[in-house]
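Data block below; observations after.
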Amino acid sequence: MKEYKSQSKRLIRLFRKSRENWKETALLRQKKLRFLEIKVRDLLLSRENWKQRAMIAEKELRFIKKDITEKKKRIIVESQ
């Protein structure tokens, strides 16, 4: 083991403080990671929801356009 010049009491205190700081930093990183995982999950769900709504709206729009073109064709045929 490496020989230190400082007193054992000081070294113990220093190592404990270092370990506590490391634990605190690790805990903060863990909390941030969990927060970001939840945020990503929520954003993916939201995106999927909006995607489905957009697809439904596009289908409705196609149906309405088809209906309008059919009515125009009927009007043209009836006017002849």
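The values are calculated or read from the model by the stated rules, or taken from the named source; none is laboratory data. Everything numeric here is computed off the predicted structure, so don't read it as measured data. Please note: Cβ atoms are built from the backbone with ideal geometry, for glycine as well, and neighbour counts cover all protein chains shown.
Would you check if there is a residue in segment 40-57 being surrounded by 10 or more Cβ atoms within 10 Å (Cβ to Cβ) and either of a type in the set (Ser, Thr, Tyr) or not in a helix (DSSP H, G or I) (or both)?
yes
Among residues belonging to segment 15-61 that are closer than 30 Å to Tyr4 by Cβ and aromatic (Phe, Trp, Tyr), point out the one that is modelled with the highest pLDDT.
Within segment 15-61, the match that is modelled with the highest pLDDT is Trp22.
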